[in-house]
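Engineer: The structure is given below, and queries will be raised subsequently.
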Amino acid sequence: MSGQNNRRAKGLAVFFLILPLVLFLISLSIGSYGISPRGLFKTVLSVVSPALHPDVPAAYRDILLRIRLPRVLLAMAVGAALSVSGASLQALFKNPLVNEYILGISSGAAFGAALSLVFLGRAFPPQVGGFVFAVVAVGAVLLISGKAESHFISLLLTGIIITAFFSALLSLVEFFASPYVLQALFFWLMGSLSLASWKDLYISLPLIAVGLVILYLLRWRLNVLSMSDEEARSLGVNVRREKMLVIAATTLITAAATAIVGIIGWLGFIVPHLVRMMFGADNRRVVPLSAAMGASIMMIADDIIRGLSSFEIPIGIFTSLVGIPIFLVLLKKTRKVWL
Amino acid sequence: MILNHPSGRQAASCCWPSVLIFFSALILLLGAPLAGQSQTIKDNLRRTVAIPPRVERILSLQPEITRILVALGAADRLVGVDYFISRDDHLFKILFPGGTRLPVVSMPDESVNKELIVRLDPDIIFTSPTELQVPDSIQRSLGIPVVALASMGSFEGLLEEIELVGALTGFKERASELGRYFQEKIRSITESTGPLALEDRPRTYLAFWSSLVRTPVFYEPVQAAGGRNIADNLLPSRLGTIGTVITLEQILKWDPDVILIQGSFLPRERQVTVEGVLEDKRLGSVKAIKQRRVHYTLGFWYWWDPAGVLVETLYLARLFHPEKFGRLDLEKEGNAVYKMFYGKTDVFTDLIKSLDFHEWTK
């Protein structure tokens, strides 16, 4: 019976690991500009060899290569980044209520983007300001909480305080900003993939990839770090160094994702719980499966936006609408929450 | 807001004018002012508001109404304004320099300083209908009549507004004069373009509100100038507004003949620029990009400036139909329109300079 369950779990895990690839292909065919599967295929062939299908309209190539492809890739990367970040921090803090923004990343990024829009204008991308201040916010949290006795409680509290501090700074910038700048800022804060471009990917993808690889390599250590510090040390782990490494990697990927697409709530909270409810709390499985499931949910949410509505809806709404019902069904079925 | 109609895409666009006319008629029926008597009007939020017989002290938190009051000659009755008109409206400083010294009652986050309102003791307060809770909140707590009005991209709405504000403040004749002038100008444009078949109207995409993908679902200057707003059939993405957010793909699907970018901001504050759109490779296959028909237009200016929207319509007519309006001296016409509304000379010339709209005067 147990063997059968194991095989079922393995099969399900393989399914979830393959799902992003399937969704990636499906997502490329979804959008308000109707391109048939045959048209898409011909477009791909014409990209490989323009002589094969010279009759493919230029709009098809622009839509596939310059609009859909960067958008779907960005959705995958951001979904994976936020989910793995949430999973790692929940394991590290031994707290199921932690999310990817707990260390002040979201408010730091929002303040940085606002500052950039107000003082540097369009000449400087707000994403850079967002990224820099996301890192500054986490740096401030680590610096302030560094010498406290009960370090991780202190980290959480400092994270909350720094979030409040940067939120206040954001309000101050908003107060002095011109209404036109505010319009751009509010649009960014809503969280959206609507203007995704290759430039966004060039900026964010390498950072997200580096962070994800680090966290993937550290996945078994997350299990050790989930124990008490004494137990972890007895297993030969340099607890402080490893924890700082995890925090640095999660900061890197969350800041890179947030700076590009704005603040997308709940994903990093829901997805790790979904994975743990389905596959248990072993971080060797939780980390890669969170990446796969986060990427999948993000792509499904974006597909709904691009396929069903005539206008863009902030993607955070749909990640929650897709993720929360699944979360509730699983919660009811398994009747447990991981810790 | 009264302009939103939930019964479908087609209905949303075709019913707007009739809904407007219906409520405009209601406003006039309920609000026919009689000297020495209090009047009752219905505002754009369908609120019934009792207005005192004499309106001497006016607090305007709606930039469009503030500009109308100045155009009517009621500027000296203003006792306070909103933060935008006082701080960010570069044109208003030219039109009414005294306005910058008026107390500022509202803040950027739409909060209102009620204590200051009590001190200013206005007879009436104007707000915009998008701030849904503000009118009732102020009226309930302070007992001062609050009227929520905005034209929402419609000439009918703007004309009704001018007439209503004129009637409420005792400047009825001036309001009629401005209304007639506005209508005559629009009529002269539509007569010059003549009856246009749908295919003769350039299909126009409007990139407004600091984003390439935010667009108004209703914008009458385009229609009046002989063009066609290709987002006209969409529903607004938020109730109480006329804006929606579309996908980049949708722009390619529409393949507009012309792209207009909101240019009422000072050049340094523009997030979307003509140059940026022309260089955007994602839109490379769009007809407007290929033919380099990407231009600035004024667009909303925290609602409209009545003179500005008239000049904008003239500009768009020349842009859409150069064969009919090629000889139009826009700078001369623009200055005449501003002179008519605000009594100041060369305002449009100053505006062109500050907005870097040199293309307009070519």
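Engineer: Of the conditions (1) over 29 Å from the mean Cα position of the chain (by Cα); (2) more than 24 Å from A:Tyr202 (Cβ to Cβ); (3) at the interface with chain B (Cβ under 10 Å from one of its Cβ atoms), A:Ala59 fails just one. Which one is it?
Structural biologist: Evaluating A:Ala59 over (1) over 29 Å from the mean Cα position of the chain (by Cα); (2) more than 24 Å from A:Tyr202 (Cβ to Cβ); (3) at the interface with chain B (Cβ under 10 Å from one of its Cβ atoms) leaves (2) as the failure.
Engineer: Can you find a residue that is more than 10 Å from chain A (Cβ to nearest Cβ) and part of a helix (DSSP H, G or I) anywhere in the stretch B:200-218? Break it down stepwise before answering.
Structural biologist: From the stretch B:200-218, those more than 10 Å from chain A (Cβ to nearest Cβ) are B:200-207, B:216, B:218; that's our starting set.
Next, from what is left, pick out any that are part of a helix (DSSP H, G or I): B:200.
Yes, some residue in the stretch B:200-218 is more than 10 Å from chain A (Cβ to nearest Cβ) and part of a helix (DSSP H, G or I).
Engineer: With more than 17 Å from the chain's Cα centre (by Cα), on the phi > 0 side of the Ramachandran plot and at pLDDT below 90 as the only criterion, which of A:Lys42, A:Lys94 stands out? Outline the logic, then answer.
Structural biologist: On the way: A:Lys42 fails: on the phi > 0 side of the Ramachandran plot.
Of A:Lys42, A:Lys94, the one residue that is more than 17 Å from the chain's Cα centre (by Cα), on the phi > 0 side of the Ramachandran plot and at pLDDT below 90 is A:Lys94.
Engineer: In addition: Among the listed residues B:Asp255, B:Asp200, which satisfies the condition of being modelled with pLDDT of 95 or more and more than 24 Å from the chain's Cα centre (by Cα)? Give the steps one after another, and end with the answer.
Structural biologist: Details: B:Asp200 fails: modelled with pLDDT of 95 or more.
Just one listed residue meets the conditions, B:Asp255.
Engineer: Give the number of residues within the stretch A:1-40 that are among the aromatic types (Phe, Trp, Tyr) and farther than 24 Å from A:Val286 by Cβ.
Structural biologist: Narrowing the stretch A:1-40 to residues among the aromatic types (Phe, Trp, Tyr): A:15-16, A:24, A:33.
Pick out the ones that are also farther than 24 Å from A:Val286 by Cβ and you get A:33.
Number satisfying all stated conditions: 1.
Engineer: Can I ask one more? For the stretch B:318-328, check the following and say yes or no: at least one residue is assigned by TED's automatic domain parsing to the domain that holds B:Arg201, modelled with pLDDT of 95 or more and in a loop (DSSP other than H, G, I, E, B).
Structural biologist: Within the stretch B:318-328 (the criterion being assigned by TED's automatic domain parsing to the domain that holds B:Arg201, modelled with pLDDT of 95 or more and in a loop (DSSP other than H, G, I, E, B)), the answer is yes, since at least one residue qualifies.
Engineer: Could you tell me whether any residue of the stretch A:43-55 is touching a residue at least 24 places away in the same chain (Cβ under 8 Å) and of a type in the set (A, V, I, L, M)? Write out each step before concluding.
Structural biologist: Of all residues in the stretch A:43-55, those touching a residue at least 24 places away in the same chain (Cβ under 8 Å) come to none.
No, because not a single residue in the stretch A:43-55 is touching a residue at least 24 places away in the same chain (Cβ under 8 Å) and of a type in the set (A, V, I, L, M).
Engineer: Among the residues in the stretch A:121-132, are any within 14 Å of chain B (Cβ to nearest Cβ), outside any helix (DSSP H, G or I) and either at pLDDT 90 or above or closer than 30 Å to A:Arg71 by Cα (or both)?
Structural biologist: Checked the stretch A:121-132: at least one residue is within 14 Å of chain B (Cβ to nearest Cβ), outside any helix (DSSP H, G or I) and either at pLDDT 90 or above or closer than 30 Å to A:Arg71 by Cα (or both).
Engineer: One residue is enough: does the stretch A:236-243 have a residue meeting the conditions more than 14 Å from chain B (Cβ to nearest Cβ) and on the phi > 0 side of the Ramachandran plot?
Structural biologist: Filtering the stretch A:236-243 down to residues more than 14 Å from chain B (Cβ to nearest Cβ) leaves A:236-243.
The next check asks that each one be on the phi > 0 side of the Ramachandran plot; those that pass are A:236.
Yes: the stretch A:236-243 contains one or more residues that are more than 14 Å from chain B (Cβ to nearest Cβ) and on the phi > 0 side of the Ramachandran plot.
Engineer: What is the number of the single condition among (1) over 23 Å from the mean Cα position of the chain (by Cα); (2) crowded, with 16+ Cβ neighbours inside 10 Å; (3) charged (D, E, K, R) that B:Glu269 does not meet?
Structural biologist: All conditions pass for B:Glu269, except number (1).
Engineer: Here's another thing I want to ask about it. Do the conditions hold for B:Asp280, that is, is it over 24 Å from the mean Cα position of the chain (by Cα), at the interface with chain A (Cβ under 10 Å from one of its Cβ atoms) and closer than 17 Å to B:Ser211 by Cβ? Talk me through it step by step, then tell me what you get.
Structural biologist: Values: over 24 Å from the mean Cα position of the chain (by Cα): yes; at the interface with chain A (Cβ under 10 Å from one of its Cβ atoms): yes; closer than 17 Å to B:Ser211 by Cβ: yes.
So B:Asp280 fits the description; yes.
Engineer: In the list B:Thr349, B:Thr313, which residue meets the criterion of being assigned to a helix (DSSP H, G or I) and under 19 Å from the mean Cα position of the chain (by Cα)?
Structural biologist: Details: B:Thr349 fails: under 19 Å from the mean Cα position of the chain (by Cα).
Every option except B:Thr313 fails the conditions.
Engineer: Search the stretch B:219-229 for residues being buried (at least 23 other Cβ atoms within 10 Å of the Cβ) and hydrophobic (A, V, I, L, M, F, W, C), and hand back the single one that is nearest to the other protein chains (Cβ to nearest Cβ).
Structural biologist: Across the stretch B:219-229, the extreme among qualifying residues is B:Val222.
Engineer: While we're here: Would you pick out the residues in the stretch B:243-270 that are more than 7 Å from chain A (Cβ to nearest Cβ) and either assigned to a loop (DSSP other than H, G, I, E, B) or of a type in the set (Ser, Thr, Tyr) (or both)? Steps first, please.
Structural biologist: Within the stretch B:243-270, the subset more than 7 Å from chain A (Cβ to nearest Cβ) is B:243, B:251, B:254-264, B:266-267.
B:Asp255, B:Pro256, B:Asp257, B:Gly263, B:Ser264, B:Leu266 - these are the residues of the stretch B:243-270 that are more than 7 Å from chain A (Cβ to nearest Cβ) and either assigned to a loop (DSSP other than H, G, I, E, B) or of a type in the set (Ser, Thr, Tyr) (or both).
Engineer: Within the stretch A:307-329, restricting attention to residues that are in contact with a helix residue (DSSP H, G or I) (Cβ under 7 Å, 6 or more places away or on another chain) and in a helix (DSSP H, G or I), which residue is surrounded by the fewest Cβ atoms within 10 Å (Cβ to Cβ)?
Structural biologist: If we filter the stretch A:307-329 for residues that are in contact with a helix residue (DSSP H, G or I) (Cβ under 7 Å, 6 or more places away or on another chain), which is where we start, we get A:312-313, A:315, A:318-319, A:322-324, A:326-327.
After this cut, where a residue has to be in a helix (DSSP H, G or I) as well, the list is A:315, A:318-319, A:322-324, A:326-327.
Numbers: A:Ile315: 25, A:Phe318: 21, A:Thr319: 29, A:Val322: 19, A:Gly323: 24, A:Ile324: 13, A:Ile326: 16, A:Phe327: 19.
Selected residue: A:Ile324.
Engineer: Name every residue in the stretch B:329-362 that is surrounded by fewer than 23 Cβ atoms within 10 Å (Cβ to Cβ), modelled with pLDDT of 95 or more and touching a Ser or Thr at 6+ places or on another chain (Cβ under 9 Å), in order of residue number.
Structural biologist: Matches in the stretch B:329-362: B:Asn335, B:Lys339.
Engineer: Right, another one. Take the residues in the stretch A:296-321 that are β-branched (Val, Ile, Thr) and farther than 18 Å from A:Ile26 by Cβ, then tell me which one is nearest to the other protein chains (Cβ to nearest Cβ). Break it down stepwise before answering.
Structural biologist: First, pick out the residues of the stretch A:296-321 that are β-branched (Val, Ile, Thr): A:297, A:300, A:304-305, A:313, A:315, A:317, A:319.
Now narrow it down to the ones that are farther than 18 Å from A:Ile26 by Cβ: A:313, A:317.
Details: A:Ile313: 7, A:Ile317: 12 Å.
Looking at the filtered set, the residue picked out is A:Ile313.
Engineer: Kindly list the number of the only condition in (1) within 19 Å of B:Tyr342 (Cα to Cα); (2) of a type in the set (S, T, N, Q); (3) out of contact with any helix residue (DSSP H, G or I) (no Cβ under 8 Å at 6 or more places or on another chain) that fails for B:Ser86.
Structural biologist: Of everything listed in (1) within 19 Å of B:Tyr342 (Cα to Cα); (2) of a type in the set (S, T, N, Q); (3) out of contact with any helix residue (DSSP H, G or I) (no Cβ under 8 Å at 6 or more places or on another chain), B:Ser86 misses just condition (3).
Engineer: For the stretch B:95-116, does any single residue satisfy the condition of being under 13 Å from B:Phe341 (Cα atoms), part of a helix (DSSP H, G or I) and more than 14 Å from every other protein chain (Cβ to nearest Cβ)?
Structural biologist: Checked against the condition, which is being under 13 Å from B:Phe341 (Cα atoms), part of a helix (DSSP H, G or I) and more than 14 Å from every other protein chain (Cβ to nearest Cβ), the stretch B:95-116 yields at least one hit.
Engineer: Being in a helix (DSSP H, G or I) and modelled with pLDDT of 65 or more: is that true of B:Leu69 here?
Structural biologist: Details: in a helix (DSSP H, G or I): yes; modelled with pLDDT of 65 or more: yes.
Yes; evaluated as a whole, the condition is true for this residue.
Engineer: Residues that are over 30 Å from B:Pro267 (Cβ atoms) and in contact with a helix residue (DSSP H, G or I) (Cβ under 7 Å, 6 or more places away or on another chain): does the stretch B:94-103 have at least one? Please lay out each step first, then the result.
Structural biologist: From the stretch B:94-103, those over 30 Å from B:Pro267 (Cβ atoms) are B:103; that's our starting set.
Pick out the ones that are also in contact with a helix residue (DSSP H, G or I) (Cβ under 7 Å, 6 or more places away or on another chain) and you get B:103.
Checking the stretch B:94-103: at least one residue is over 30 Å from B:Pro267 (Cβ atoms) and in contact with a helix residue (DSSP H, G or I) (Cβ under 7 Å, 6 or more places away or on another chain).
Engineer: State whether one or more residues within the stretch A:152-172 are among the aliphatic types (A, V, I, L, M), over 24 Å from the mean Cα position of the chain (by Cα), surrounded by fewer than 16 Cβ atoms within 10 Å (Cβ to Cβ) and not in a helix (DSSP H, G or I). So that I can check it myself, show each step before the final result.
Structural biologist: Going through the stretch A:152-172, the residues among the aliphatic types (A, V, I, L, M) turn out to be A:153, A:155-157, A:160-162, A:164, A:168-170, A:172.
Imposing the further condition that a residue be over 24 Å from the mean Cα position of the chain (by Cα) reduces the set to A:153, A:168-169, A:172.
Now narrow it down to the ones that are surrounded by fewer than 16 Cβ atoms within 10 Å (Cβ to Cβ): A:153, A:168, A:172.
Adding the requirement that they be not in a helix (DSSP H, G or I) leaves none.
Within the stretch A:152-172, not a single residue is among the aliphatic types (A, V, I, L, M), over 24 Å from the mean Cα position of the chain (by Cα), surrounded by fewer than 16 Cβ atoms within 10 Å (Cβ to Cβ) and not in a helix (DSSP H, G or I).
The values are calculated or read from the model by the stated rules, or taken from the named source; none is laboratory data. In this text, all values refer to a predicted model and were calculated from it rather than measured experimentally. As a convention, Cβ positions derive from the backbone with ideal geometry for all residues, glycine included, and neighbour counts pool all protein chains shown.
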